[in-house]
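Enquirer: Next up is a structure, given as structure tokens.
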Amino acid sequence: MKKSSINPDLWERAESLAQRGYAVAWFTDELSNGEQVKLVKHPELSGCMAHGKTCDEALTELKDATIEYIYSMLED
């Protein structure tokens, strides 16, 4: 997401909403190159997911993805 196109008020609201206690589902997945990764998602936010080489990396990516997901929903 380009920073220049972000509405600061919506972004702040998305950050606030992302702090809620969403459930996290964990999976092991395989990329097309055969690499095993950890896949995490919020079941109540359909399509909001991320992956990483480790559980910590996947969770960090999910935090960012959650803000962007909620932001896009607020924008729509």
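The values are calculated or read from the model by the stated rules, or taken from the named source; none is laboratory data. No experiment lies behind these values; they were computed from the predicted model shown. Ideal geometry is used to build each Cβ from the backbone, glycine not excepted, and the neighbour counts take in all protein chains shown. Accessible surface is based on the protein model in full, side chains and every heavy atom, while ligands, DNA and RNA are left aside. Shrake-Rupley method; radii C 1.70, N 1.55, O 1.52, S 1.80 Å.
Enquirer: Which residue pairs have Cβ atoms closer than 9 Å, lie 6 or more positions apart in sequence or on different chains, and pair a first residue in segment 48-76 that is closer than 21 Å to Leu31 by Cβ with a second residue that is buried (at least 21 other Cβ atoms within 10 Å of the Cβ) and of a type in the set (D, E, K, R)?
Expert: Short answer, once both residue conditions are applied: Cys48/Lys41; Met49/Lys41; Ala50/Lys41; Leu62/Lys41; Ala65/Lys41.
Enquirer: Listed residues Asp64, Asp56; which is part of a helix (DSSP H, G or I), within 9 Å of the chain's Cα centre (by Cα) and surrounded by 10 or more Cβ atoms within 10 Å (Cβ to Cβ)?
Expert: Numbers: Asp56 fails: within 9 Å of the chain's Cα centre (by Cα).
After ruling out the rest, the residue left standing is Asp64.
Enquirer: If you don't mind, there's one more thing I want to ask. Just one of (1) part of a loop (DSSP other than H, G, I, E, B); (2) open to solvent by less than 30 Å² (accessible area, probe 1.4 Å) trips up Gly34, so point out which.
Expert: (2)
Enquirer: Would you point out which residue out of Leu17, Leu45 is outside any loop (DSSP other than H, G, I, E, B) and surrounded by 12 or more Cβ atoms within 10 Å (Cβ to Cβ)? Give the steps one after another, and end with the answer.
Expert: Working: Leu45 fails: outside any loop (DSSP other than H, G, I, E, B).
After applying the criteria, what remains is Leu17.
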